[in-house]
Amino acid sequence: MTIKIYGPAASRAARALWIVHELDIPFEHVAVEMKDLKSADYLKVNPNGKVPALVDGDFKLFESMAINLYLAAKHGKAGFLPASLEDQALCHQWSFWGMTEVEKPLLTVLIDMFMTAPDKRKPEAVAEALAALPKPFGVLNGALQGREYLLGSSFTVADLNLASICSWAKPIKFDFAPFPDVAAWLDRCLARPAYKAARSTK
Ligand SMILES: N[C@@H](CCC(=O)N[C@@H](CS)C(=O)NCC(=O)O)C(=O)O
């Protein structure tokens with residue numbers, strides 16, 4: 001049965017859309033609108049009333065990183081979810097780290113810049129978020145030194161998950177000058193045809 005990915009491409013569903021393109025998995029995209037996320041029908045899919053959500057036969061899953069790690073384990077070609085327990089743990093590490101250390105400050109700036117009326121903007125919150133980012137990007141820059149991707153020379157689910165979060169640095173024009181290895185890695189990841197295909201989805 002074809003898997004279903006719920007959520008518009010201009011949401012965290014973009015992450016799930018990227019991975020299904022990357023892995024060439026047949027899928028149905030249900031671009032449920034944000035205004036319908038609390039409908040009784042959608043709450044049966046994801047009781048949180050949020051996107052993305054995945055339905056794979058009788059199996060339902062929410063949380064973007066969990067969805068992607070599941071799809072990588074189920075459909076990933078050799079190495080995309082690496083074989084060793086340690087390398088798999090690193091994929092979890094970078095996925096959780098992206099969500100806990102990077103996502104919130106980037107989203108704070110993104111929402112303020114593009115989704116908030118000028119009179120409702122909060123420059124102090126934006127300044128605080130921008131001040132929080134150099135620490136994790138410094139860590140990431142160190143981890144990427146001398147390597148093309150997070151785990152070495154191959155693109156893995158760790159790169160896809162973390163780059164999908166870091167992609168929000170692009171519209172806000174975050175200054176990566178102090179973090180050249182992050183800048184090069186992010187450009188490398190976002191140049192992938194599967195990312196571009198996901199972005200051209202509605
Ligand atoms: N941690 C969740 C966050 C999901 C989330 O907040 N998604 C947003 C769209 S990007 C949403 O559905 N917002 C609707 C709402 O909060 O009511 C994940 O990564 O899947």
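Throughout, read-outs are computed from the coordinates displayed, never taken from laboratory work. Keep in mind that what you see is a predicted model, and the values were worked out from it rather than measured. We place every Cβ from the backbone using ideal geometry, glycine too, and count neighbours over all the protein chains shown.
Assorted remarks:
- Simple Cβ-charge dipole of the chain, Lys/Arg +1 and Asp/Glu -1, about Cα centre, in debye nearest 20: 420 debye
- Lys/Arg +1, Asp/Glu -1 at C-beta; the stretch 91-202 dipole; positive extreme among Ala117, Gly142, Ala131: Ala117
- The loop-placed trypsin sites (Lys or Arg not before Pro) in the stretch 1-105, going by DSSP, that have at most 14 neighbouring Cβ atoms within 10 Å of their Cβ come out as Lys38, Lys77.
- The Kirkwood hydrodynamic radius of the stretch 3-78, based on inverse pair distances between different Cα atoms, is 12.2 Å.
- Cα-Cα over 29 Å, subset of Lys44/Lys74; Lys44/Lys135; Lys38/Lys122; Lys104/Lys202; Lys35/Lys74; Lys60/Lys170: Lys44/Lys135; Lys35/Lys74; Lys60/Lys170
- According to the Cα-based calculation, Rg over Rh for the chain is 0.97, with Rh computed by the Kirkwood formula.
- Taking other residues whose beta carbon is less than 15 angstrom from the beta carbon of Val55, and scoring Lys, Arg as +1 and Asp, Glu as -1, yields 0.
- Size of the stretch 114-186: Rg and Dmax of its alpha carbons, in Å, are 14.2, 47.
- Whole-Å distance, taken between Cα centres, linking the stretch 22-55 and the stretch 135-177: 27 Å
- Positive minus negative residues near Gln93 (Lys, Arg vs Asp, Glu; Cβ under 14 Å): -4
- Helix-only [θ]222 nm of the chain, DSSP H runs n ≥ 4, -39500 (n - 2.57) each, per residue, nearest 500: -15000 deg cm²/dmol
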